[in-house]
Amino acid sequence: MVSRYFAVRWARLANILPNRCLLCHQTILTKPASPTIDSQMIAQQRGICQPCLTSCLYDTDICLGCGKVMQVAAEYCGGCIKSRPIPVVAPASYHTMLGRLIPAIKYQAQFAAMPALIEALAQRIESLCQQQLLSLPQVLLPVPLHRQRLSSRGYNQAWLIAHALSSRLGIAMDDQLLIRVKHTPAQAQLSGKQRRQNLADAFALTRPLPYQRIALVDDVVTTGSTVDAIARVLRASAPSVQVWCLARAEAPSLQDKS
């Protein structure tokens, strides 16, 4: 599989590429500067230094529905509790410096920061589970690309993220169940309404759904139109669905409060 090839290729290249932070351009330490710093964590850090990463991560409780800052730990804020939208788990807002890195992963195969972002996501998931705000799924489903786009891009970043999370958290990944049957224009420059129209009937299942608890995995959640389109396909069998991503783009009205 093309995405598996890129995963292996990146693992090999990571050991020989210069280890500089893509945000501040400083050399990333490979030895701890202090005995109190976890040497294993420093040794594995690549692509983004710990200070830059920490500055981007959420430092408060966040509503899993809309991304609003919460004063107490809870799954949903008062505005989302009635509708209970699909929970979105992300370690950071897209409206931070991470907004520079994720498009580079998606469109330019710049994977240097991806392991650190995936680890931040895994730690966020584990924290929410410890607080009993989240239950682990049975399976991870990477958001698929149409075969034509996969062929032209060469990899599916959602597959790479799901593959790494599967190994990190010990959860199975199924990359054969959900497929994209409609080759649609790129979403980036479309409005929310145009995105919904663009994704109508874009996804399908290759066999009856065998799972009750599913986590969709993607690089970023913006308007949620992709998630909603997939959820409509999955919910014919009424499973529990959540979304895991490297960052989420909150509504403009929430950005100044997050």
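Values in this text are rule-based calculations from the coordinates and carry no lab data. Just so it is clear, the structure is predicted and the values come from calculations on it, not from any experiment. Glycine gets a Cβ as well: all are built from the backbone with ideal geometry, and neighbour counts include every protein chain shown.
Can you work out the FRET efficiency for the pair residue 205 and residue 69, with r the C-beta to C-beta distance and R0 = 41 Å, to the nearest 0.05?
0.70
State whether the stretch 90-154 is rounded, prolate or oblate according to the following rule on the C-alpha gyration tensor (a ≥ b ≥ c being the square roots of its eigenvalues): a/c under 1.5 gives rounded; otherwise a/b larger than b/c gives prolate, and the remaining case gives oblate.
The shape class here is oblate.
If you split all Cα-Cα distances of the stretch 68-126 into 5 Å bins from zero, what percentages do you get per bin, shortest first?
That works out to 4, 15, 20, 21, 16, 12, 9, 3, 0, in percent per bin.
With each pseudo-label sitting 7 Å past Cα toward Cβ, what's the residue 176-residue 235 distance in nm, one decimal?
The answer from the label model is 2.9 nm.
So what are the ³J(HN,Hα) numbers for the stretch 81-86, from phi and the Karplus equation (6.51, -1.76, 1.60; θ = phi - 60°), rounded to whole Hz, Gly and Pro as x?
4, 6, 7, 6, x, 4
Peptides 155-167, 73-85: what's the order by average Cβ count within 10 Å, highest mean first?
Highest-to-lowest ranking by the protection proxy: 155-167, 73-85.
Taking Cα centroids, how far is the stretch 147-170 from the stretch 108-122 in Å?
If you average the Cα positions of each part, the centres end up 12 Å apart.
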